[in-house]
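The values are calculated or read from the model by the stated rules, or taken from the named source; none is laboratory data. Fair warning: this is a prediction, and the values are worked out from it, not measured in the lab. Ideal geometry is used to build each Cβ from the backbone, glycine not excepted, and the neighbour counts take in all protein chains shown. The accessibility values were calculated without ligands, DNA or RNA, using every heavy atom of the protein model including side chains. Shrake-Rupley method; radii C 1.70, N 1.55, O 1.52, S 1.80 Å.
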Amino acid sequence: MVFLSHCLLNHNVRYLGGADPQAGARDLVDGYLAAGVGICQMPCPEQRAWGGVLKRRMLLAYGAGGSWRAPVVRGLVGLFVTYTRLVYARLAREVAAQVADYRDSGVDVVGVVGIAGSPSCGVETTLDLPAAVDVLCRCPLARLDERVVRNEAVEAHTLPGQGLFVTALQREFTRRGLGVRFDEYDFAASPGSGSAPMSPGQEE
């Protein structure tokens with residue numbers, strides 16, 4: 001078994017400008033299936049914590065530049081991150097219980113695959129979430145589009161580190177004594193050359 005981040009199989013939950021019918025990690029998925037490795041799609045933590053597919057709890061920040069919403073959004077970022085960590089801790093317990101169930105049933109869990117540059121599922125690279133929210137907050141609604149979100153909010157604020165959900169997962173796995181390898185897939189890489197997480201069946 002391998003546990004994959006939700007948007008590796010379903011691009012629709014990605015951020016504005018990130019959803020792309022061609023963005024599914026077909027090379028990764030096909031490799032695992034061809035090797036007889038089962039795939040478990042983890043829940044999308046942002047969908048669960050931030051208000052569904054549209055992530056409605058983030059909408060207050062979009063296009064807030066020059067409006068009364070801008071200082072409100074900036075003031076709520078810390079509380080928003082704290083709330084996110086609490087939801088992610090609960091989701092991490094659910095995923096860890098699944099991993100433990102497979103292990104206890106004699107199934108080898110070969111790894112968890114996250115998303116490069118994700119504020120939630122990044123393993124080696126993540127997003128400076130407060131900085132990205134600040135971009136969304138400063139940008140007037142009339143100028144806000146997919147390019148701004150992708151280039152100025154996301155790509156400009158990607159940095160080394162772990163996403164909040166991956167951090168919660170690793171903490172819970174450690175607590176349960178589950179030694180599982182973590183890797184990340186890079187959607188920004190050309191098809192077939194994304195950070196290929198591991199060869200199916202590769203030893204940890």
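Here are the numbers for this structure:
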| item | result |
| --- | --- |
| Residue ID - nearest to Gly161 (Cα to Cα), chosen from residues in segment 129-151 that are surrounded by 17 or more Cβ atoms within 10 Å (Cβ to Cβ) and in contact with a His (Cβ under 8 Å, 6 or more places away or on another chain) | Ala132 |
| Unmet criterion (only one of (1) modelled with pLDDT of 95 or more; (2) of a type in the set (A, V, I, L, M); (3) open to solvent by less than 10 Å² (accessible area, probe 1.4 Å)) for Val123 | (3) |
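Each row is one residue, and each column tells you yes or no for (1) assigned to a strand (DSSP E or B); (2) modelled with pLDDT under 95; (3) β-branched (Val, Ile, Thr).
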| site | (1), (2), (3) |
| --- | --- |
| Val148 | no, yes, yes |
| Val154 | no, yes, yes |
| Arg171 | no, no, no |
| Glu204 | no, yes, no |
